[in-house]
Every structure is written in structure tokens, then in C-alpha cells.
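The values are calculated or read from the model by the stated rules, or taken from the named source; none is laboratory data. These numbers were taken from a predicted model, which means no experiment stands behind them. Cβ placement follows ideal geometry from the backbone for every residue including glycine, while neighbour counts extend to all protein chains displayed. Note: areas computed on protein heavy atoms with side chains; ligands, DNA, RNA excluded. Shrake-Rupley method; radii C 1.70, N 1.55, O 1.52, S 1.80 Å.
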Amino acid sequence: MELHTLVTLTTGITLLTCTLAVLGLHSYTAGKAQREALVDRLSATGQLPSTGRRRRFRTLDRRLRRTKLGRRLELRLAATGLDITPGEFFACMLAAVAGLGLVGQAALAPFFGPIAGLLGVWAAMQFLTWQRQKRIEKFINQLPELARILANATQAGLALRTAIGMAAEELEAPAGEELGKVADQLALGSSMDDALNELAERLPSRELVVLVTTLVLSNRAGGQVVGALRNLTETLEERKETRREVRTQLAQVNMTSYAVPVLGVGSLFLMNGVKDGALERMTGSPVGQGAVIVAFGLYAVGFVLIRRLSRIDV
């Protein structure tokens, strides 16, 4: 009797498991088909950009996006405008770190392998910062034209939402792409304040903050936005010329900040070239390792100090 009950229970559990598996497979297939249909429909209407490039490291990308580090990396990549996913960038960074570690270990000494890997991580982050700053500078240079287009559109009687969409179509990247994102958010029901503030967070600059504040206040209070944008256009043109002059004056100082650590690393190769194995013997003792770490720390402090002292807020 007990054996019959056990067989019946086992059979019931097996049937229930099979039924749930079939339902799960059916739900997964239906969801995948709906997603593909949605992607095709958005692609056909032009609402979903198609890069024509097959994404790699999808599993790594999905897992990375769930972490805090992945979300921060995704925001930094979005600000740079690069067509690369967090998973692809992270995989490339790991490959670069491993390659630099092997090069440092083989060309200098085993002690320099981890240091070269850390330099690879720093170089990757600096690359993102450089790309982001480059995009911000280009966007700032387009702000006078953007303010002029918005002023002309609002003077012609168009709503601010329509004027933003028109500016997104007329301006080149990055202003056109960023305004396109704002227009898409507005079309999906986001408020004007949220969409513009998110734009200011992606590309932080004083000029953009002033423009966003002007548009937000005019949209809230219903003030005369045309006159404000006309005055803002002249101010942005003057600030554009001032920033160009300051950047030209500081070009030599910025090059010096990068030349100092490069000379330090070059001296290591020179020492090892003059006498083969000198760095390996030097880093074979704790005193030599400590001296190398202190030297790299001083070079890092010098780089940061030069960058800080040469920074001028305009």
C-alpha cells in the first residue's frame, strides 16, 4: 500500500514538473517572439537605431549591468557616445590589463607585472574621461547654435517640445543625438524638467546648466523665452571664445603633466637596457620594492598636482 502511494506521488510530481516545463517553454517562446516583433516594428519606424554590428560578450554584459559598477560604467559610456556596451569595454579592459601585465613582467621584472596592470585600468578610465570631455567640449561649441535654433522656433510660434525635436534633426552629433534622446523621453511621457535635467547630468557643464535652467524656468512660468534665448546666445558665443583662449594657453602645461610620468616609466626601460637584469635585482628586496612604489606614488602626485594647478574654471 505504501509502495503504491509512493509510485502515485512520484508519478504526479513528474507530470506536474513536465507540465510546468512545457508552460515555461511556451511562455519563453512567446515572450521571445513578442520581443523580436517589437524590435522589428521599432526598427521599421526608425525609433530604434540599428548599428548593424553584432554585440559580443552578451552574458558578461547582462551580469555586469546588474551590479553597481556596471551601472556606473554604463552611464560613463553613454556620456562618451561610444558604440560599445559595458561588457565589451570590460572585456577589452581585462585583455589590456593582462597584456600590459605580461609585457611589464617580461620587459622589466616580475614585480612590475601587477603595476603595469593597474596602469592599464587607469589608462582605460582616463580614456573614458578624455572621450567624455571631448564630447562635452564639442557639445558646448554647439550650444550657441542650439540656442539660436530654439529661439527662432519659439518665435515662430512652435512649442518648446517641437523646437527641441527640430533642433535634434538639424544639429549634428553630439547635440543632435542628445536632443534626440530628450525628444524621445518627452514622447514617452517624461516631463520637460526631468528630460532636460537628465541631459545636464549626462554632459555636465556650466553653459548647459544655464541653458537648461532658462528653458525649465520659461516652461514653468510661461515667460518670454525668445528674449532669454537671444541674450543667452550672445553670452554663449563669448564664453566659447574665452574657453578656446584658455585651452590654448594651458596646452603646454597639460602636455607637461603627461610627460612627467612618461619620463619616469621611460627611465625604467633605460636602466634595464643599460644593464640587463638591474630592475629584477633591485626589486628582489623589500627595500627596492618600496622605493619603486614610492617613486610611482610621487609621479602620480606630481601628475595630479600639475593638473590641479593648471585648472581654470571659466
- Lone unmet requirement of (1) open to solvent by 40 Å² or more (accessible area, probe 1.4 Å); (2) in contact with a helix residue (DSSP H, G or I) (Cβ under 9 Å, 6 or more places away or on another chain) for PHE303: (1)
- Message: Against the conditions (1) in a helix (DSSP H, G or I); (2) under 27 Å from ARG244 (Cα atoms); (3) among the small types (Gly, Ala, Ser), where does ALA173 fall short? Just the number, please.
- Response: (1)
- Message: Yes or no: segment 203-219 includes at least one residue that is of a type in the set (Asp, Glu), open to solvent by less than 30 Å² (accessible area, probe 1.4 Å), in a helix (DSSP H, G or I) and over 30 Å from VAL97 (Cβ atoms).
- Response: yes
- Item | Matching residues in segment 261-288 - criterion: being touching a Phe, Trp or Tyr at 6+ places or on another chain (Cβ under 6 Å) and in a helix (DSSP H, G or I) | PRO261, GLY264
- Failed criterion for ALA109 (all others in (1) part of a helix (DSSP H, G or I); (2) of a type outside the set (D, E, K, R); (3) open to solvent by less than 20 Å² (accessible area, probe 1.4 Å) hold): (1)
- Condition set among the β-branched types (Val, Ile, Thr) and in contact (Cβ under 8 Å) with a residue 24 or more places away in the chain, scope segment 266-292, selection nearest to GLU245 (Cα to Cα): answer is VAL292
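Give GLY165, GLY157 a once-over and let me know the one that is open to solvent by less than 80 Å² (accessible area, probe 1.4 Å) and part of a helix (DSSP H, G or I). Outline the logic, then answer.
Details: GLY157 fails: part of a helix (DSSP H, G or I).
Being open to solvent by less than 80 Å² (accessible area, probe 1.4 Å) and part of a helix (DSSP H, G or I) holds for just one of GLY165, GLY157, which is GLY165.
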